[in-house]
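Q: Dropping a structure here in structure tokens format, bear with me for questions.
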Amino acid sequence: MAVSNGASSNVPFCTDIESYYPTIKHLFALKNGRAPSTRIGSIWLVEAANHGDSALLNEKTLKDHFSMFFPFRNYGLGIVTFMTSGLVDTSDPRLVNIGHCGGSTALIFALDILLRSYGLNSTTVVLIEPALFDRRVSSGCHGMAKRVRNANNKRERAWKALDDAMAYTSKKSPWNTWHPDVMECVRREFFKVTPGEITPVSVKTPPEQESAIFDAEGCMESTPILLSLAPLMPVNIVLAERHNMWTQDMYENIADIITNSRPNIASVRVVPKAGHCAAQDNPLGVSTALLDILSETHTRRQSAGLVSYRL
């Protein structure tokens, strides 16, 4: 999940899980060329319950119970449900957990629960453009949430044809900076088609749900939790070169939190030629950062024979 720059006139948006496919493709290609000894066992994408195909599946529940607010803690509980489903071995120290923006916030809540209640082992964490804020920017966070809702209320959400939908989307920020391979994923997966309607093409994720998941309090509540988890597990932070998301005060707040916590942070990287939606702007750059993190982790753990990863 992500939103665009509240400091400008950009339109808020969501990043459905399919937009990460090009990054995954690059990750495997890079691994095979650079680090064949580092094996990636599997990759799972956990979608927020109110985004993409999940939003279609949960449409009635979202309208009845989450029409105005879908907190990141709920997203975190969804991650916990998946992680404790039996599909994932939470005691496996080779597990790598990756989150972006609000997905990072949800992941932090989930890791806290998994560590305290389910015996999660020392897992590697990667946070891409995380929403790390404290109370010093409380007014800015809540102001951003209001701007997100106002902008979403003005968005077009239905079109007569898929070409019309793509023409509208491609001209809007941030999509107008996304890599062509990612935009192909947007074309295939971002919209739903309802034959017989006057405007049969519409977005899968309702703009109201994009507003509902912008949880300012959740962002600020998750930061101290992360700082308490950082000494217990390797936390890697991946930032974007372009500051096109938050206000200047909010960016300074993120930098201050990272600087003060640096002794407990495993690594900090910057992806070039990318804004807040780093994996969508520069999928190769993000996959390179991820492989570097995996390689460093591999080097640290090689003596123990832990050489595969589950992302």
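The values are calculated or read from the model by the stated rules, or taken from the named source; none is laboratory data. Quantities reported herein were computed from a predicted structural model and do not represent experimental measurements. Positions of Cβ are backbone-derived with ideal geometry, glycine not excepted, and every protein chain shown enters the neighbour counts. For the accessible areas, the whole protein counts, side chains as well, though only heavy atoms, and no ligand, DNA or RNA atoms are used. Shrake-Rupley method; radii C 1.70, N 1.55, O 1.52, S 1.80 Å.
Q: Can you tell me what share of the DSSP beta bridges in the chain is antiparallel? A percent to the nearest 5 is fine.
A: 20 percent
Q: Can you list the aspartates and glutamates whose alpha carbon is less than 18 Å from that of K25, not counting same-chain residues fewer than 8 positions off?
A: Partners found: D16, D181, E184, E189, D281, D292.
Q: Roughly how many Å² of Y21 are accessible to a 1.4 Å probe, to the nearest 10?
A: Rounded to the nearest 10, that gives 100 Å².
Q: Which log10 I(q)/I(0) values does the stretch 75-184 give at q = 0.13, 0.18 Å⁻¹ under the Debye formula, counting every alpha carbon as one identical point scatterer?
A: Values, matching the q order: -0.75, -1.01.
Q: Right, next: Going by amide H atoms built from the backbone, whose H comes under 5 Å of the H on V126, apart from near neighbours?
A: N97, I98, G99, N236
Q: Mind ordering 127-139, 143-155 by average Cβ neighbours within 10 Å, highest first?
A: Numbers: 127-139: 21.2, 143-155: 16.8.
Listed from highest to lowest mean packing, they are 127-139, 143-155.
Q: While we're here: Can you give the local net charge around K160? Use residues other than it whose beta-carbon is closer than 15 angstrom to its beta-carbon, Lys and Arg +1, Asp and Glu -1. Could the numbers behind the result be given before it?
A: On the way: positive: R157, K192; negative: E156, D163, D164, E197.
Overall, the nearby charge balance is -2.
Q: Could you give the accessible area per residue of the chain, probe 1.4 Å, as a whole number in Å²? Could you put the intermediate results ahead of the total?
A: On the way: 13460 Å² over 311 residues.
Computed with neighbouring chains in place, this is 43 Å² per residue.
Q: Just how much of H243 is accessible, in Å², when a 1.4 Å probe is used and the result is rounded to the nearest 10?
A: 110 Å²
Q: Just order 63-71, 280-288 by mean Cβ neighbour count inside 10 Å, highest at the front, would you?
A: 280-288, 63-71
Q: Over 20 Å between Cα atoms, which of K31/K273; K63/K204; K60/K171 qualify? List each step's numbers first, then the result.
A: Numbers: K31/K273 22 Å; K63/K204 14 Å; K60/K171 31 Å.
The answer is K31/K273; K60/K171.
Q: Using helices alone, what [θ] at 222 nm do you get for the chain, with -39,500 (n - 2.57) per DSSP H run of 4 or more residues, divided over all residues and rounded to the nearest 500? Could you put the intermediate results ahead of the total?
A: Values: 13 runs with 148 residues, N = 311.
Rounded to the nearest 500, it is -14500 deg cm²/dmol.
Q: Let me ask something else about it. Report for the stretch 89-243 the percent antiparallel among DSSP-assigned beta bridges with both residues inside it, nearest 5.
A: Roughly 35 percent of the beta bridges in the stretch 89-243 run antiparallel, per DSSP.
Q: Which percent of the accessible heavy-atom area of the chain goes to carbon and sulfur, probe 1.4 angstrom?
A: 55 percent
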